[in-house]
Each structure stands twice: as structure tokens, then as C-alpha cells.
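Data block below; observations after.
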Amino acid sequence: MEVKTEDNSGVIILTPMGRVDTSTAKIFEDSVMAAADTNGKIAVSFDSIDYISSAGLRVVLMLGKKLKASNGTLVLINMPDKIYSVFKMSGFDKILKICATFDEAKPLFG
Amino acid sequence: MATLTKILVLDDEKDTEDLFLQKFRHKIADGIYEFAFASCQDEVQKHFENGTFDIFISDINVAGMDGISFISQLRKEYPLMRAIVVSAYGDINTLRAVMRCGAHDFVIKPIDFNDLLDTVQKTAKVVASMKQMEATTKKLSAISDELDVSAKLQRSILPGNVIKSGSIELFADTIPAAEVGGDFYDYFWLSEGKLGIVMADVSGKNVSAAMFATIAKTLIKSFSRIYASPAECFRNVNITLCAENVTTMFVTAMYGIIDTEKNEITYTNAGHLPIAVIVPGQDPCFLECDSGMALGIFEEVEFVDHTHHFSPGETILMYTDGVPEAADPNGAEYDFERFAEVLAKNAKASPNTLTKELIKSIREFANGAPQSDDITTLCVKYRMRIIPNVI
């Protein structure tokens, strides 16, 4: 598992690739937390992952809390139905911003 | 940064100490070697009272002692230390005796200090890697101790796995993955005819997850006695978990109360997978409900109570994501279709048999792929009380 990072007009787009499960959650955590240290505007794109476990959800939640504490913004984008249903099932869709595409997410970053 | 290698030299010749300090002065100044000197066995013992050494350089011909057996004895006491033997005799018998006592290397007198520098350097490397191996072994054993503790903790919080009482036949089981996870189930009688059942999954693994699971399980059981509504119970468990939660861990959970007077179950959901309902002759279905939110994340979450009426011969099943997400060697998931198929096939079976058939089917599907998450199930077969028609 690896995390691709790109800068799109001041917003860091993080794209985890592969499976985010217990054994890879730490790699995911380290890369997203490092990104959050340098930038307050972050989008996580889910189009390149096959699976996310509760350990992966926890990382997304930690990222959300960290950005909230520093007045930053986190938007989750490009979610396949299967991944979206995991976020919906755990109730995370109620506290995290989810958009279909990056274009749709743009206005949220102000 | 280079690590300091501590060397003890045993020699009864007076100029040895000066020679060593002179020849090794650069390494000493750089903090690579530290020397101590002894001229007899007693002095060696005194040095060892104040600490250990990495390398012991010894003349085996020091008057009045058996150098070979002394080295053997020291090697037994300090297995990580390596000995370099110095002797004026380089004959085959002396060499064989030196080898037998477990010395690491051999240098002939008069000492060629270039050779000795080289020998000491090589020996120091061996000692360093031995130490590293020992440290790694300790770490590994600490990890396996931790796993052992969390496995015990996880097992100790689960109640037995069978109830047969009146209208209820219950069977629950958990199959932990290689690493200990945070799944748990629970059941408890709240009053006569009212049975509480809980299924939960803590994010993460090992000791921290097992401890969080223990806290969550205790809170749910305690609050279930105070709040008659499952939603009210979860609302309070959630507020308590949020207040104490510095680790950003969370637990998805489903809690239901089976009422045998009313033939129904009232349940609430905190981000957990839906309850499966199996009625003979019908397609299995999953009980729809508000998903709520996993416990321990956000204080101001409201939970909703839902009620479901039992049909005759109905079985319900609570489970964790280890069931639908069990993977085969190619990473394909077991999924809900196969899951529902097995449930339909075993609709009339006892909870014990249904669970065993489900696990068997998951195992067959996984086809030897390692189990990456705990598989936990709680199955209840509900036998309707027959109320005679009053004419």
C-alpha cells in the first residue's frame, strides 16, 4: 500500500492505493498525518483502494479531528459505492464531508 | 554513533597497560573502546563486580592460574562476552585447548598490534551483532507476551457460548485472527423473559483494542440495567466513551433486548452491520435500521430504537465484518450473497449447527488464505410460545 500526494491549487489530494487494513493502516496514518502537518486543506481520494477496514476508518477520523483542531478542512472524494457504504454503515458520513468529485469539493476549501 | 566496546585485559607484564593505551589511543579518544586492566584472577573478578565487558583479552600463561578453565568459567557467566587469548606458545596443543574453552580468537606474543587491532575490531562487531540479536529477541518476546495478554483478556471478557432457556436457544462464538482483535459479544438477563444481546467490533488490534473492548462491554452491561431503552443505553455509553477517549479508538456495536412476553426484539445500532433474520421457507433478510454512529467518536449522537416481531421458528444472527469481509487467496470477499445462501440452507438448523456451517463455508471460500479479522457471531433461535386459543 502507498499514498500518492498531489497539490491542486493549494489543496493536497491524498490517494491511498491498495488495501487499507490493520497491517497497512500505519503507513496510511503516517502519510496523511505528515500531510496534515504541512497543509490545512486536504482531500482524500478513494478511487484507488479496494478495501478499508475499521483501522483505516480510524485514520480518516484522526485526520478529520486533527484538521478540525487546526481550523483546516478535510473532504473525502471519489468514493466507490462499496467504500461509501462502509462510511455510511459506521455513521462516519454524518461527521465527515463527502463529495463525489474534487470539483464538487473545491468550494468547501474556500 | 558508534557504540562503546568495553574491553578487559588480563596480563601480568607491567608494560601491557601502557602499550595498549598507547596503541589504541585514537579509538579510546573517539569513544570506541574503553579499557580496564588486571594482573591476576582476583582483579578480574573485582572488575566484573562493577560491571560487564564485551571483550576479554587474556594471557593464558599468567603465573599461578589455569587461564583456560578461567576463560571457560567466565564465558558461562557472561555468554555475550567474547574472549581473545594471548599466548607465547602457538603450538597445536595450546591452540586446541584455547578452542575448547570457547575463546573467540587467538593472538601470539610478542603482540603484533596491527593484528590485535584488527582482531579486536572483528570481535567487537560480533559482540555488537550478538547484542542486537538479544535485543531483538527480547522485543519479539515482549510482543508475543503482549499478544498473549490481549488474547487472554479478549477471552476472559466473553461469557459462555450457549443458552437454552424457554423460547431462546443461543449460540455465540468468536474465532480470533492471528493478531488479537477487538470483537466481542455479550448477553445477559435483564429480568425474567428479557435477554440483552450485544455484538461489537473495536477498531484496531492487540492490547489497546482489548482494553477498549473491556471498557465498552462493561459500560454497555452496566448502563443496560439503568436505561430500559437500548438507544438510551447507547447514548450514555457513547457520552462516557467520548469523554475518556484520547486514543481515537471507536467501537461499532449492536444491542438488542429480546422480550419473550411480547415475542419481539428492540434493538439499536451504533454503526454496526445489520442483524440477519432467517425464517424457514423465506429468503434471509437484514433488519433495516438507522445506522447511528460508532461509539466513542462524537458525543452528540442520537440513537434510535427499532422493534422487530419474531415469526415462528425464526433465527436471528448478529456478526462482525469478519464474516462478509473474509477473503480468498485472490482478495475476493465472501460477501453477503454467499452469506445469505448459507443462512437459507440452514434456516431450520440449531444456532450451533448454523454457526458451524457458516464457518465451514467461510473456510472453504478462504481456501487457505489467512484470516485477517476476527469472525464473531451470536445466533438466537426463537421458539414462539404457543398460546392456546380460548374458546
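Find the Cα radius of gyration of chain B, compare it with 2.2 N^0.38 Å by division, and give the number to two decimals. Mind dumping the intermediate values first?
Working: Rg = 34.5 Å, N = 391, 2.2 N^0.38 = 21.3 Å.
Normalised Rg, Cα atoms only: 1.62.
When the dipole is taken about the Cα centre of chain B, and only Lys, Arg (+1) and Asp, Glu (-1) are charged at their Cβ, what size is it in debye, to the nearest 20? The partial results should precede the final answer.
Details: 36 positive and 55 negative charges, 194 e Å.
Its charge dipole is roughly 940 debye.
So what is the relative contact order for the stretch A:2-104, in percent, with contacts set as C-alpha pairs under 8 Å and at least six apart?
Over the stretch A:2-104, the number comes to 25 percent.
For the stretch A:1-107, rounded, prolate or oblate, judged on the Cα gyration tensor with a ≥ b ≥ c (square roots of eigenvalues), a/c < 1.5 rounded, else prolate if a/b > b/c?
rounded
Can you tell me, using C-alpha contacts under 8 Å and at least 6 residues apart, the relative contact order of the stretch B:148-234 as a whole percent?
Normalised by residue count, the contact order of the stretch B:148-234 is 25 percent.
Using the scaling law 2.2 N^0.38 Å as the reference, what is the normalised Cα Rg of the stretch B:241-307? The partial results should precede the final answer.
On the way: Rg = 14.5 Å, N = 67, 2.2 N^0.38 = 10.9 Å.
Here the Cα radius of gyration is 1.34 times the empirical estimate.
With the dipole of the protein assembly as shown worked out from charges on the C-beta (+1 for Lys and Arg, -1 for Asp and Glu) around the Cα centre, which of B:A36, B:I7, B:S203 lies farthest toward the positive end?
Result: B:S203, furthest along the dipole toward the positive end.
Using only atoms on other chains, find how many Cβ atoms lie within 10 Å of each Cβ of peptide A:61-70 and report the average. Before the final figure, lay out each step's value.
On the way: counts 8, 2, 1, 2, 3, 1, 0, 0, 0, 0.
Partner-chain Cβ atoms within 10 Å, mean over residues of A:61-70: 2.
Under a Cβ-Cβ cut-off of 11 Å, what is the net charge of the residues other than B:S291 that fall near it, where Lys and Arg count +1 and Asp and Glu count -1? Mind showing how you got there, number by number?
Details: positive: A:K88, A:K94; negative: A:D93, B:E288, B:D290.
Summing Lys/Arg as +1 and Asp/Glu as -1 gives -1.
Which entries in the list B:K6/B:K125; A:K4/A:K41; B:K6/B:K131; B:K217/B:K356 go over 18 Å, if you measure between the two C-alpha atoms of each?
Beyond 18 Å between Cα atoms: B:K217/B:K356.
If you take the square roots of the eigenvalues of the alpha-carbon gyration tensor of the stretch B:158-382 and sort them as a ≥ b ≥ c, do you get rounded (a/c under 1.5), prolate (a/b over b/c) or oblate?
oblate
Take every residue in peptide B:295-305, count the Cβ atoms of other chains within 10 Å of its Cβ, and give the average of those counts.
Counting Cβ atoms of other protein chains within 10 Å of each residue's Cβ and averaging gives 2.
Which of B:E333, B:E34, B:E134 ends up with the largest GNM mean-square fluctuation for chain B, with Cα atoms connected below 10 Å?
Among B:E333, B:E34, B:E134, the largest mean-square fluctuation in the Gaussian network model of chain B belongs to B:E34.
Tell me, what is the percent relative contact order of the stretch B:5-146, built from C-alpha pairs under 8 Å that lie six or more residues apart?
Reported relative contact order: 21 percent.
Could you list which residues have their amide H under 5 Å from that of A:G18, counting only those 5 or more apart in sequence or on another chain, with H placed in the peptide plane?
Amide H neighbours of A:G18, under 5 Å, 5+ apart: A:I49, A:D50.
At q = 0.08, 0.09, 0.11, 0.12 Å⁻¹, what is the base-10 log of I(q)/I(0) for the protein assembly as shown according to the Debye formula with one equal point scatterer per Cα and no solvent? Please give it to two decimals.
Values, matching the q order: -0.67, -0.74, -0.89, -0.98.
Bear in mind these aren't lab numbers, they're just calculated from the coordinates by the rules spelled out. Remember, it's a predicted structure, so these values are computed and weren't measured experimentally. Heads up, the Cβs are rebuilt from the backbone with ideal geometry, glycines too, and the neighbour counts pull from every protein chain shown.
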